[in-house]
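Derivation of every value follows stated rules applied to the coordinates shown; laboratory data play no part. No experiment lies behind these values; they were computed from the predicted model shown.
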Amino acid sequence: MEKSLIKRHESIIVSTIQTLNEVGLQNLSTKLIAKQEGVSEGTLFRHFKTKTEIMLAVVDHFSQYDNAIIETCSQKNFSPLEAIRYFYNAYAEYYQNYPEITAVVQAYDSLMCDVELTEKVSSIIYKRSEFIIRMIQAAIDQKHVRTNIDPTMLENILTGGSKEICLKWRIEKYSFSIKEKTAAMVELILNGCMKN
């Protein structure tokens, strides 16, 4: 019995992501989530008390990949530049294999309007950016990147480029390889910042 409750809980999260991808955050409702899941709204509310609680679970689901990426960089003893490349390329591969999850990334701004979601979304964004900023600073310290580079600004450029590629990939109905485009963007930006 307990196992089926856990499976249902996870299934509702996946159904929410699918529904969010189809209708957008403004049109997302518990009624539509329940319909996608094939259950009544009552069943939905046995697992989650509110729509916000469902969205918190979705954001948690989305961010579960973060620790694995950061840990992999450490375990494989990547150089700072290798870690930066791996970080962005791992997300691009994740998105390529699970396009619906990108609806969560594109909804971050709107999710920040909900007081209960603001802290969770902010912590995810800052955890990711702090990791990249640390890697950029390490690359500067190791003299792989020019010393006049501002790590925070470079992280903003890399992350902004990654999000823009993701948005265009969604707009163009996944018609190009987000992984290849992201890798090319990261290389272009890093090459422009490397010491000669």
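Worth pointing out:
- With the biggest extent put first, the Cα atoms of segment 1-116 measure 51, 34, 27 Å across the principal axes.
- The C-alpha atoms of segment 114-176 occupy a region whose extents along the principal axes are 40, 35, 13 Å, arranged from largest to smallest.
- Taken as Cα centroids, segment 82-100 and segment 10-26 sit 21 Å apart, rounded to the nearest whole angstrom.
- Proximal aspartates and glutamates relative to Lys195, as straight alpha-carbon distance under 18 Å, when same-chain residues fewer than 8 apart are discounted: Glu82, Asp141, Asp150, Glu155, Glu187
- Most fluctuating residue given options Thr50, Thr182, Thr19, as computed from a GNM of the chain linking Cα atoms under 10 Å: Thr50
- Temperature 20 °C, viscosity 1.002 mPa s: under these conditions the Stokes-Einstein estimate for the chain, based on its Kirkwood radius over C-alpha pairs, is 118 µm² per second.
- The lysines within cross-link reach of Lys179, meaning a Cα-to-Cα straight distance under 20 Å and a gap of 8 or more places when in the same chain, are Lys163, Lys168.
- Over segment 1-69: Kirkwood hydrodynamic radius from C-alpha pairwise inverse distances, Å: 12.3 Å
- Relative to the longest principal axis of the Cα atoms of the chain, helix 151-171 runs at roughly 50 degrees.
- Relative to the dominant Cα principal axis of the chain, helix 51-75 is inclined by about 30°.
- Of Lys35/Lys173; Lys7/Lys51; Lys76/Lys127, those spanning more than 22 Å from alpha-carbon to alpha-carbon: Lys35/Lys173
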